[in-house]
Every structure is written in structure tokens, then in C-alpha cells.
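The values are calculated or read from the model by the stated rules, or taken from the named source; none is laboratory data. This structure is a prediction, so every number in the text was calculated from the model and none was measured. Because the Cβ atoms are built from the backbone with ideal geometry, glycine has one as well, and the counts that use them run over all protein chains shown.
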Amino acid sequence: SILEFTDNAFVLNGFSKLFAMTGWRLGYIIAPRDFVRPLQKLQQNFFISASSVSQWAAIAALRDAQKDVERMRKIYNERRVFLVSRLKELGFGLATEPRGAFYVFANAKHLSSNSYDLAFDILEKAHVGVAPGIDFGKNGEGFLRFSYANSMENLQEGLRRIEKYLQAR
């Protein structure tokens, strides 16, 4: 636990991404002992408890899913490496390569100053969904967010379509 190294840390996390349990609405917090009771009071007054089925699923995930998690990490890493490489080949800039989640935030300012219009144009003409950077704040303008939470085959096809879209511009 992080609290072995410092008594000043809070860790807030969930099961959605790590265990592929989106929709189960499960999370947890690791906190210094002095904060446990105040946090319990907040939880009791602001959040409805998770269903017993969700809680049992979380226990099973924690006990039995480590091999699955490692397999998923390997697969996501392969997709990440592929997507980053292809985006660079297609001329997108990356300030940093992602180390978590399953998204790449790519600079598309050379294509358009309006990320919303660009994302919509890609959707309309290439039939590939990307998120406009402006959706993540004003500093995201000119960027597009690509997800690699799909099969390698679909990523390859999506990037082939984006390449064709870029060639037609």
C-alpha cells in the first residue's frame, strides 16, 4: 500500500478500466487512518452502496483476475504501440506517449484549427469516430483523441480510412 511510504497519500480508483468492469460503478479509496471516518460519513450521505452482485464481482476480480489483467495489459500495449506508430506516420504530433488508459491525444493543428469540425469531418467522410480536443478544455483545441479500446483489426481499418481521408484532402 502507498501508505507504507507516506501517511499523506490518498488513492482513489475503480474497477472499470483495470478489470474491464465498466458500468458496475465500483470504486475505492485508500486514505490515512485519520480520514477514514470522515470519508465514511461522506460516502454514506452522497453515494448509494454498490449492489451485492457488483461487490461479489469485485471480490472475484481482485482474487482471480490477475492473469486476465496481465493479458489485457499486453494486448492494450500492442495496440498502443501500433496506434502511436501509425499516427506518427500519418503526420500527427504526440507531445507524450500514453502510459495509462487507452487513449492517444494527438496534435492535428496542421490539419485544422477547429478540432470539432475536423473530428466531425473525419466521422462523416472516413466513418471513424475520434474525439475533438476542445472537449477536454480550451488547451485541447487543435488535438484529436484516439482510442485503442478496440480490436487490432478495427484499429488497422480505422487508420487505413484516416490515411485515405488525409490523402483526399
request  = Looking only at the range 23-34, decide whether some residue is assigned to a helix (DSSP H, G or I) and not assigned by TED's automatic domain parsing to the domain that holds ARG160.
outcome  = yes
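Among the residues of the range 49-91 satisfying the criterion of being part of a loop (DSSP other than H, G, I, E, B) and modelled with pLDDT of 95 or more, which is nearest to ASN154 (Cα to Cα)?
Ranking the candidates gives LEU90 first.
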inquiry  = Testing ARG37 on (1) surrounded by fewer than 15 Cβ atoms within 10 Å (Cβ to Cβ); (2) within 30 Å of GLY133 (Cα to Cα), one condition comes back false. Which one is that?
reply    = (2)
note = Reported set for the range 115-133 where residues are in a loop (DSSP other than H, G, I, E, B) and touching a strand residue (DSSP E or B) at 6+ places or on another chain (Cβ under 8 Å) is VAL130
request  = Could you please let me know if GLU97 is at negative phi, touching a helix residue (DSSP H, G or I) at 6+ places or on another chain (Cβ under 6 Å) and modelled with pLDDT under 95?
outcome  = yes
query = Which residues, counting only those in the range 134-147, are assigned to a helix (DSSP H, G or I) and more than 11 Å from ALA108 (Cβ to Cβ)?
reply = ILE134, ASP135, PHE136, LYS138, ASN139
task = Working carefully through the options ALA168, ALA131, find the one that is at pLDDT 95 or above and loosely packed, with under 15 Cβ neighbours inside 10 Å.
result = ALA168
